[in-house]
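Input: a single structure, listed below in structure tokens.
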Amino acid sequence: MKKNWKKRKLLTYRFKGREPRGLLWRKDVYKEWFLYGRLFQERGGNLPKDFGDLSKFKDFEEWWRDPKYGFELFCEPSFENVEEVSGRSSKTTKDQILLKIDLRGDLEQIERDVKRILVKKDVKSDYESQSRYRPSRPMKHMKVGVSDLDYDPGTKRTNYLEMYRKTFLLSEKMSEKEIGIKYGWIRKKEDWFKMNPEGKTFEYQQHLDTGVKRVRRQINFVKRTFKNLEKGTFP
């Protein structure tokens, strides 16, 4: 059963010696970005210079925690949404407003009035990422942890991005048909006819073509993703 995606706001991360900042996408998305990027660089591809030489890092965690790379490329800028101001600090920018609140008022009424003012100011209900680099689609449309029962019988939730990446790697040493058989998307001819003794040759060919197309789609997905990596986005 497909699990519903839950909308999440900024998830705050803290590193020693650095101010806390947030991410809009889950960390495993950035891990796949790193792994795809390393594959791309190993095959002569060019990532934005900000990403560095990924082969110099032993794994994703080392790159992620580096004060120059990883988290620093994807985090949102640090700022206070709400703070108490007075005196000289009462000056505002074009993205700020000052509110006068009677602290003797009812909390629910205060919240209602503040929300009404913000709506009138056309403040967006959904935060838009301001990070240097960001994924090409919202978290709910990312192919991480999505149900795919026929890929890995041992689990109910599979990382599609990982599957596509592994399929691409296999394609460098195996045929599309062999990959399909390995993953169980294609049955060998003799096995298929054992299960379908009344089956026709053209029906097996349709089964074979469907499996090969599935493998090919995954390989082409990775190739398209490589092109996006050059532009600084993923997938």
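The values are calculated or read from the model by the stated rules, or taken from the named source; none is laboratory data. Predicted model only: the values in this text are computed from it and were never measured. Don't worry about glycine lacking a Cβ; one is built from the backbone with ideal geometry, like all the others, and counts go over all protein chains shown.
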For segment 212-227, which residues satisfy the criterion of being under 26 Å from the mean Cα position of the chain (by Cα) and surrounded by 15 or more Cβ atoms within 10 Å (Cβ to Cβ)? Arg214, Val215, Arg216, Gln218, Ile219, Phe221, Val222, Thr225, Phe226
Can you pull out every residue in segment 179-205 that is surrounded by 12 or more Cβ atoms within 10 Å (Cβ to Cβ) and part of a helix (DSSP H, G or I)? Ile179, Gly180, Ile181, Lys182, Tyr183, Lys189, Trp192, Phe193, Glu203, Tyr204
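So that you can scan it fast, the table gives a plain yes or no per residue for (1) surrounded by 13 or more Cβ atoms within 10 Å (Cβ to Cβ); (2) at negative phi; (3) of a type in the set (S, T, N, Q); (4) modelled with pLDDT of 95 or more:
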{"residue": "Lys2", "(1), (2), (3), (4)": "no, yes, no, no"}
{"residue": "Lys7", "(1), (2), (3), (4)": "no, yes, no, no"}
{"residue": "Arg14", "(1), (2), (3), (4)": "no, yes, no, no"}
{"residue": "Glu19", "(1), (2), (3), (4)": "no, yes, no, no"}
{"residue": "Leu24", "(1), (2), (3), (4)": "yes, yes, no, no"}
{"residue": "Phe34", "(1), (2), (3), (4)": "yes, yes, no, yes"}
{"residue": "Asp50", "(1), (2), (3), (4)": "no, yes, no, yes"}
Checked segment 118-156 for anything at pLDDT 60 or above and not in a loop (DSSP other than H, G, I, E, B); matches are Leu118, Val119, Lys120, Met139, Lys140, His141
List pairs: first residue in segment 46-58 and small (Gly, Ala, Ser), second residue not in a loop (DSSP other than H, G, I, E, B) anywhere in the structure, Cβ distance under 9 angstrom, at least six positions apart or on different chains. Gly52/Trp63; Ser55/Arg38; Ser55/Gln41; Ser55/Glu42
Checking the conditions here, which among Thr210, Thr167 is closer than 30 Å to Lys49 by Cβ, part of a helix (DSSP H, G or I) and not assigned by TED's automatic domain parsing to the domain that holds Gln41? Thr167
